[in-house]
Structures are given as structure tokens and as C-alpha cells.
1. Report the extension gain between SER151 and ALA194 in nm, rounded to one decimal, defined as 0.36 nm multiplied by the number of residues separating them, less their alpha carbon distance.
2. Tell me, ASP105, ASP147 in order of fewest to most beta-carbon neighbours within 10 Å?
3. How many nm is it between the label spots at ARG179 and TYR130, if each spot is 7 Å from the Cα in line with the beta carbon?
4. Putting +1 on Lys and Arg Cβ atoms and -1 on Asp and Glu Cβ atoms, find which of THR234, GLN186, ALA247 reaches farthest to the positive end of the dipole of the range 166-296.
5. What does the convex hull of the Cα atoms of the range 166-296 come to per residue, in Å³, rounded to a whole number?
6. Rg (Å, one decimal) plus Dmax (Å, integer) for the alpha carbons of the range 71-162?
7. Loop-only check: which chymotrypsin sites (Phe, Trp or Tyr not before Pro) in the range 154-227 are DSSP coil with at most 16 other Cβ within 10 angstrom?
8. Quick one: length gained pulling LEU226 to GLU68 fully straight, 0.36 nm per residue minus the C-alpha distance?
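Quick note: the coordinates plus some simple rules give every number you see, no bench work behind them. Note that this is a predicted model, so its numbers are computed, not measured. Please note: Cβ atoms are built from the backbone with ideal geometry, for glycine as well, and neighbour counts cover all protein chains shown.
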Amino acid sequence: MEERIIDKDELRGVKRKRTGGEEDAVDELSTDADAADEGMPDYTLEFDEGDGYDEDLVGLTPSQLQEELERRERLREEAHAECVKYLASGEEKFAAGKFREAEKDFSSALEYEYSEESEERLYAAMTDNYTDAQRLLIPDNAERFADAAESVRARVLDVFGDSLNEARQAAEAEAQPLRGVVSAGQEERRGPFAENKKYYLVRFLAVLAAFAVFAIGIAVSSSFLLRTQSSVPTILTITFGVLTFAAFVVLIFFARKLLVAARLCRDNERLSSTEEGAQLEELEERLACLALVLDGAPEQDADDENQDEDPDETSDASPDEDADEN
């Protein structure tokens with residue numbers, strides 16, 4: 001069956017025939033509405049190709065939008081001015097050999113406005129004009145350098161790459177035998193410490209149960225003091241009171257022992273609890289910093305990337321594809 005597109009004039013003629021030549025009231029309303037819509041001004045918000053979608057700009061009137069854009073431009077200019085000021089101050093201190101003060105100024109400049117030039121000057125100051133890479137191996141500095149621009153990383157690693165690789169090999173060679181020694185020591189102490197903790201835990205729970213029973217005995221026996229003239233409730237109350245106090249003292253004793261046993265188990269799992277472990281912990285931290293400096297920030301797992309994708313793009317299938325499969 002052939003389909004035909006009817007324009008507005010033809011549709012109006014069809015309505016006239018159906019209504020005996022009279023205009024349809026609905027048609028007039030729709031025509032007036034269309035005319036009113038055509039008379040409304042059209043506001044269009046255009047973004048540059050480099051700008052991302054900004055929810056803060058959605059729903060603003062043209063005047064509000066203009067004010068917001070002007071405010072942002074003013075903030076950008078102020079940030080740029082502060083960045084230039086800190087860069088100039090950092091260059092003066094860098095030239096005077098005050099590398100730590102220059103490092104602070106370059107870092108402040110990057111906080112106001114990012115540029116690869118500022119970042120390169122930051123690491124030039126951090127490494128004392130490319131003469132000492134030790135400050136790169138501080139954990140915070142290593143994490144920051146791992147996320148630096150590739151050109152900045154290449155500039156720094158061109159100078160220190162070989163020496164840092166040698167330092168990583170030396171640290172790995174020193175840490176490898178320590179890992180076995182520390183792990184064996186932890187495993188050897190783990191069993192006795194666990195048994196010691198279990199020993200005091202059982203006794204602590206037993207004394208706690210006795211303490212609860214004696215306390216209940218005081219409450220029950222004391223409830224009969226005013227109900228009977230016999231001295232038995234008085235004697236029982238005093239007896240249970242003495243036993244409760246004794247149980248409380250023993251309970252405190254086993255609680256202290258249990259806390260010490262639990263702390264020993266916890267400290268045994270920490271590398272810093274022994275001399276070899278503290279040395280291994282220092283080497284592991286150094287190796288982690290070297291990995292960040294030499295290899296950069298670890299890439300995100302593929303599973304995480306797949307989770308970030310829109311599920312509608314991967315799970316939804318078109319009806320035509322389903323029909324073909326069937």
C-alpha cells in the first residue's frame with residue numbers, strides 16, 4: 001500500500017470537507033500555537049570543540065549565562081596572574097640556588113594554572129637542577145611524578161633513568177633474601193602467638209561467665225532480705241559479693257593478658273616489629289617509589305574500563321539483529 005505525505009494545506013482542506021466547509025476549532029488553535037511558537041526567539045548555546053559538557057550552564061538564561069562566563073573568564077585571568085607571579089618568584093630563587101623555596105613556588109604556580117613548562121621547572125628544582133634524584137623517591141613526590149606529562153617524565157628520566165634503574169636492581173637484590181627470612185620468622189611466631197591468645201581468651205570468657213553468675217546471685221539473694229527474717233539471704237548476699245569482687249579482679253587480670261596477646265599477634269604481621277622486617281619495609285617502600293618514577297602510574301584494569309562503558313552500547317541489540325538470529 002502506497003504511503004502519501006499530506007502537508008498542512010491539504011490537511012486543512014480535508015478538515016473543511018469533513019466539517020462542511022467550516023474551519024475546525026482545533027485547527028485554528030494549533031495554527032495560532034504554531035504562529036506563536038514561530039514568533040518566539042530561539043536561544044542556542046554553542047560550545048567549542050574543546051569544551052566539555054557543563055551541567056552548571058544548563059537552564060541558565062542568556063543574561064545569567066553571560067554573567068557566569070564572564071565570572072569564569074575573570075577567575076582564569078586571576079589564576080594566570082598568580083601563576084605568573086609564582087613562576088617569576090620561583091625562577092629568582094632557583095637562580096640563587098634556593099631549590100626548596102623555588103620548588104614550593106613552582107608547586108603553587110601549578111595549583112593556579114597547569115603548564116608543562118611549570119611542571120618541568122618544578123622537577124628541576126626538586127632534583128637540585130638535575131643533580132640529585134633522591135627527593136623523587138619520597139612517596140608523595142613519586143606519586144606526583146608518576147602522573148606528570150610524558151615530556152616532563154622523559155626530560156627527567158633522560159638524566160636519572162640509568163642511575164634509578166641501577167638503584168632498583170640493587171634494592172631488589174637486597175630485599176629478596178630478606179623476604180624469605182621475615183616471612184619464615186612471622187610464620188614461626190604465628191602459631192605460638194595464636195595459642196597464647198586462645199589460652200587467655202578461654203579463661204577470660206570463663207571468668208566473665210562466673211562474674212555474671214555471681215552478680216545475678218547478689219541480685220537474687222538481696223531480693224529476699226526484706227521478705228524473710230532468716231540470716232541466709234544476708235550470708236548469701238555477702239558471699240556472692242565477695243565472689244563477684246574476686247571474679248572482677250581476675251577478670252581484669254585476664255583482660256590485660258588477652259590484650260597483650262592480641263597485640264603480639266597484630267604486631268607479628270607488621271614488618272616493622274623486627275629489625276629485619278623494618279629493613280625490608282624500607283626497601284619495599286623504596287622499590288614502590290622507584291616503580292612509580294620509572295614506570296609511571298599503573299594503568300587502570302581492563303575490568304574497570306569495561307565497567308565505565310555505557311551498558312546500553314554493549315547489551316542492547318537491534319530488533320533486526322534479533323530477527324536475523326531467530
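1. Details: separation 43, 0.36 × 43 = 15.48 nm, distance 5.29 nm.
Extra length from SER151 to ALA194 when fully extended: 10.2 nm.
2. On the way: ASP105 24, ASP147 10.
With the fewest neighbours first, ASP105, ASP147 line up as ASP147, ASP105.
3. Placing both labels 7 Å along Cα→Cβ, they lie 3.5 nm apart.
4. THR234
5. It comes to 115 Å³ per residue, whole-number rounded.
6. 13.5, 48
7. Filter output for the range 154-227: PHE224.
8. Gain on extension, LEU226 to GLU68, equals 48.7 nm.
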